[in-house]
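Undergrad: Quick one: this structure, given as structure tokens, is what I'll be asking you about.
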Amino acid sequence: MKSVIESLALCISVLALFACASGHHALFTGEPALVRKINAIEKRLEKAVSASPFLSMEVIGTVTYDNFQAPVRALTFNFHRDNGRKVLISAGVHGNEPAGVNCAVRLAESLAKYPEKYKNDVYDIIAVVNPWGWSYDIRYNRHGIDINRDFASFKSQEAKFIREFVKGKKYDLMIDLHEDPTAEGFYLYQYGHPDKATAKQVIAKIKMMGYPTEQNVSMIILKTKDGIIDAPMWGLWYMKLTRQLSIANFYRLNHSKNVFTLETPTRLPMEDRLKMQTIAVDMLLNGWLP
Ligand SMILES: [Zn+2]
């Protein structure tokens with residue numbers, strides 16, 4: 001009996017750990033109002049690409065619903081022709097978490113403007129994984145699927161596009177950008193990795209900048225430990241087994257040993273969230289060594 005209770009407690013704690021650091025919304029049903037225009041993002045990305053000989057862009061799939069169509073684009077920055085570390089940054093898998101998208105687009109603009117700063121690495125950037133959700137400020141895709149739980153089942157077109165794009169690729173570092181409507185402060189996930197030095201430095205820097213870091217994301221057993229969630233490998237396998245794998249879980253199991261998810265609290269102004277995300281991405285890019 002005791003072991004049954006223990007197993008149950010373990011399952012619940014795993015679900016709590018990985019369930020959703022970004023809060024819950026009712027599944028999408030009716031016809032929503034347009035909140036943001038994807039064209040604005042497209043224009044900024046195109047401008048960055050046309051300004052830099054080191055940036056290129058490809059369409060990795062076109063999200064298509066009844067009255068909606070938008071490409072999912074991957075930008076690649078390559079200064080040294082494949083000699084550098086390989087880094088992938090994705091954002092906007094949850095449509096109602098816009099700071100990550102802004103951060104990814106701003107990084108693309110920085111790559112165009114200051115290529116020397118980033119010359120040692122090769123970057124792939126997918127700024128908007130869920131363009132429909134982003135346009136309507138909704139967490140899910142048009143079919144009510146949480147794409148960030150779809151990386152074992154691949155029912156959504158969006159998850160399939162990502163799977164195809166990263167197929168056969170290995171990365172030295174992968175970062176997925178999110179936001180959390182319930183958190184008080186910034187936090188990050190690191191997956192199946194013993195070395196927390198860089199993650200700790202990121203948290204220290206965020207604090208130094210005067211921003212709050214999350215101490216208490218509600219979980220039953222495992223919690224944020226001073227802004228860091230240390231997600232163990234067995235938890236990832238559990239999520240795969242129960243068909244709830246997130247994009248970052250998927251990255252960690254298949255494409256990289258070094259995977260982070262960043263979370264900013266949506267209760268703070270956009271400019272502050274953007275600063276937190278940008279500084280954290282910058283530190284992970286610069287401070288972390290394979
Ligand atoms: Zn999220």
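Undergrad: Starting from the Cα of Lys223, draw a straight line to each of the lysines and keep only those under 23 Å, dropping any in the same chain fewer than 8 residues away.
TA: Those lysines meeting the cut-off are Lys196, Lys200, Lys205, Lys207, Lys240, Lys257.
Undergrad: Between Asn39 and Lys223, what is the label-point separation in nm under the 7 Å Cα-to-beta-carbon projection?
TA: 4.9 nm
Undergrad: Still on this model: If amide hydrogens are placed 1.01 Å from N in the peptide plane, which non-local residues have theirs closer than 5 Å to the one on Met57?
TA: For Met57, whose amide H was placed from the backbone, the distant partners under 5 Å are Thr76.
Undergrad: Please list 3J(HN,Hα) in residue order for the range 202-215, calculated via the Karplus relation 6.51 cos²θ - 1.76 cosθ + 1.60 where θ = phi - 60°; whole Hz, with x for glycine and proline.
TA: 3J(HN,Hα) across the range 202-215, in whole Hz: 4, 4, 4, 5, 4, 5, 4, 6, x, 9, x, 10, 6, 10.
Undergrad: Can you give me the orientation-averaged projected area of the convex hull built on the Cα atoms of the chain, in nm²?
TA: That works out to 15.0 nm², a quarter of the Cα hull's surface.
Undergrad: How many percent of DSSP beta bridges within the chain run antiparallel, rounded to 5?
TA: Antiparallel: roughly 45 percent of the beta bridges in the chain.
Undergrad: Also, quick follow-up: Where the centroid of each part is defined by its Cα atoms, how far is the range 91-142 from the range 243-290 in Å?
TA: 11 Å
Undergrad: Given a Förster radius of 22 Å and the C-beta distance between Lys155 and Thr62 as r, what FRET efficiency does 1/(1 + (r/R0)^6) yield to the nearest 0.05?
TA: Efficiency at R0 = 22 Å is approximately 0.80.
Undergrad: Given the convex hull of the Cα atoms of the range 139-290, what is a quarter of its surface area in nm²?
TA: 9.3 nm²
Here, each number is a calculation from the coordinates, and none is a lab measurement. From a predicted model like this one, the values you see are computed outputs, not experimental measurements. Cβ: placed from backbone, ideal geometry, glycine included. Neighbour counts: every protein chain shown.
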